[in-house]
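Engineer: Supplied in structure tokens, the structure appears directly below.
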Amino acid sequence: MEHEESFPEKKGKLWCRSVVPSPCRENFEGKVNQVMSSHFADRLCTAVQSKKTSLIVGLDPVYHRLPPAITTHRHMNDEFDAAAAVDAIFDFCTQTMRIVAPMVPAVKINIAFFEKYLSEGLESYYALISEANELGLEIVGDVKRGDIGHTAEMYAEAHLQNPELVGLEDTLAPDAITVNGYTGLDGIEPFAKMAEAQGKGVFVLVRTSNPSAAAIQDVQDAQGQPLYEKMAEIVGEIAAVPERIGQSGYSNIGMVVGGTAPEVTAALRTKYDKIWFLVPGYGSQGASAADCVRFCKTDGTGALINASRSIIYAYEKPKYKDQFGDDWKKCIEQAVIDAKIELANAMQTKL
């Protein structure tokens, strides 16, 4: 179906209620009951084994990189109009999720790309969470919040708790979020407690994938222990609380460990065998499949390997453009297939 035909007439905030019909209240209550009665890590195991891959897709949408089929649409062709830009980003993300949902267990939605548009963007972010839920995906909200005391508790409520306020009953929070835990244990615990109460998860930054990470995170103390290892110890302590361990043997508290520094993080998988790793860096940031699957256990569980730009902007690559032309959806679909094969081959080599 052509894009023009699939896109309804603009009625105010197009993405809010017209691109994706709001699911009925029963569906939302069902999701809440399912989450509250299940364990995040167990759901991850099921999802990864069902889709036969540790690959997840990150949504980092930037307007000027969207396909022309979207940015030339009469309702979405103005980058400097907030409503038009948000409509375009929302449409791109929903269509992308529909493409990848049959093939991957989860998506990671980066809230920063929506916060740019203030209230319009945030409404779109939560609408995407509802769409991802309807598609059966686990949802990681990449929010990287972090603070202490009451502030941390408020962040935890805002980003993990399914709202109980009148008027927000049909809004869902993500299944898990990323947290910056460098304030220490008391900056992580409020998120861990909320996740435990809600049947959700937390991924704490331990060793990030950016080039300058080593300048701070690899600094050693007087005993020669790198800072990231100390951070991992704190996360491991929080994750090991018995109530946070699911039937799968994994905790709902995980670590963010980039795939770009295998020489300094190889031992983490063995040391923290009850922890899920969220692994950025695969694809555009330069980490190879082999670099990333080292965090997977032999059954394929234990790691979510994230690819964002290398997947969602696959239509920019000659490799796919030459094959599919302007069919951007086919380009994304093939990029997911190729990444799954590459990771599967790396796993076979590892075994």
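Engineer: Within the range 284-295, is even one residue modelled with pLDDT of 95 or more and in a loop (DSSP other than H, G, I, E, B)?
Structural biologist: The answer is no; no qualifying residue exists.
Engineer: Scanning the range 171-195 for residues that are in a loop (DSSP other than H, G, I, E, B) and aliphatic (A, V, I, L, M), which turns out nearest to F40 (Cα to Cα)? Explain how you work it out, then say what you get.
Structural biologist: Keep residues of the range 171-195 that are in a loop (DSSP other than H, G, I, E, B), which gives 171-175, 180-184.
Those still in the list that are aliphatic (A, V, I, L, M) too: 172-173.
Values: L172: 15, A173: 13 Å.
Once the filter is applied, the top-ranked residue is A173.
Engineer: Moving to a separate point now. Here are some residues: G121, G141. Which one is under 12 Å from the mean Cα position of the chain (by Cα), under 26 Å from G201 (Cα atoms) and at pLDDT 95 or above?
Structural biologist: Working: G121 fails: under 12 Å from the mean Cα position of the chain (by Cα).
Exactly one of G121, G141 is under 12 Å from the mean Cα position of the chain (by Cα), under 26 Å from G201 (Cα atoms) and at pLDDT 95 or above, namely G141.
Engineer: Considering only the range 213-226, state which residues are under 25 Å from the mean Cα position of the chain (by Cα) and open to solvent by 40 Å² or more (accessible area, probe 1.4 Å).
Structural biologist: Matches in the range 213-226: A214, I216.
Engineer: Select from the range 260-280 the residues that are crowded, with 17+ Cβ neighbours inside 10 Å and of a type in the set (K, R) and list them in ascending order.
Structural biologist: R269, K274
Per-residue answers, yes or no, for (1) under 18 Å from E333 (Cβ atoms); (2) open to solvent by 10 Å² or more (accessible area, probe 1.4 Å); (3) not aromatic (F, W, Y):
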position: F40; (1), (2), (3): no, no, no
position: L44; (1), (2), (3): no, no, yes
position: K51; (1), (2), (3): yes, yes, yes
position: L59; (1), (2), (3): yes, no, yes
position: A69; (1), (2), (3): yes, yes, yes
position: M76; (1), (2), (3): no, no, yes
position: A83; (1), (2), (3): no, yes, yes
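Engineer: So the check is Cβ under 8 Å with 6+ separation or different chains; which pairs have a first residue in the range 51-70 that's assigned to a helix (DSSP H, G or I) and a second one that's among the charged types (D, E, K, R) and open to solvent by less than 20 Å² (accessible area, probe 1.4 Å)?
Structural biologist: Listed pairs, sorted by first residue: I70/D91.
Engineer: Please go through the range 144-171 and give me each residue that is open to solvent by less than 10 Å² (accessible area, probe 1.4 Å) and closer than 24 Å to T94 by Cβ, ordered by number. Let's see the steps before the verdict.
Structural biologist: From the range 144-171, those open to solvent by less than 10 Å² (accessible area, probe 1.4 Å) are 152, 156, 160; that's our starting set.
Across the range 144-171, the qualifying residue is only L160.
Engineer: Just to verify a result, which residue in the range 316-338, among those that are within 19 Å of V57 (Cα to Cα) and touching a residue at least 24 places away in the same chain (Cβ under 8 Å), is most open to solvent (accessible area, probe 1.4 Å)?
Structural biologist: Going through the qualifying residues, I end up with E316.
Engineer: Scan the range 137-158 and give yes if some residue there is closer than 20 Å to L304 by Cα, assigned to a helix (DSSP H, G or I) and touching a residue at least 24 places away in the same chain (Cβ under 8 Å), otherwise no.
Structural biologist: Scanning the range 137-158, I find no residue that is closer than 20 Å to L304 by Cα, assigned to a helix (DSSP H, G or I) and touching a residue at least 24 places away in the same chain (Cβ under 8 Å), so the answer is no.
Engineer: So which residues in the range 109-136 are open to solvent by 10 Å² or more (accessible area, probe 1.4 Å), assigned to a loop (DSSP other than H, G, I, E, B) and under 12 Å from D60 (Cβ atoms)?
Structural biologist: K116
Here's the yes/no breakdown for (1) under 18 Å from the mean Cα position of the chain (by Cα); (2) in contact (Cβ under 8 Å) with a residue 40 or more places away in the chain; (3) surrounded by 14 or more Cβ atoms within 10 Å (Cβ to Cβ); (4) under 21 Å from G184 (Cβ atoms):
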| residue | (1), (2), (3), (4) |
| --- | --- |
| Y228 | no, no, yes, yes |
| V235 | no, yes, yes, yes |
| I238 | no, yes, yes, yes |
| Q247 | no, yes, no, no |
| G258 | yes, yes, yes, no |
| Y282 | yes, yes, yes, no |
| L304 | yes, yes, yes, no |
| S308 | yes, yes, yes, no |
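The values are calculated or read from the model by the stated rules, or taken from the named source; none is laboratory data. Note that the structure is a prediction, hence the values are computed from the model and not measured. Ideal geometry is used to build each Cβ from the backbone, glycine not excepted, and the neighbour counts take in all protein chains shown. Protein only, heavy atoms only, side chains kept; ligands, DNA and RNA dropped before computing areas. Shrake-Rupley method; radii C 1.70, N 1.55, O 1.52, S 1.80 Å.
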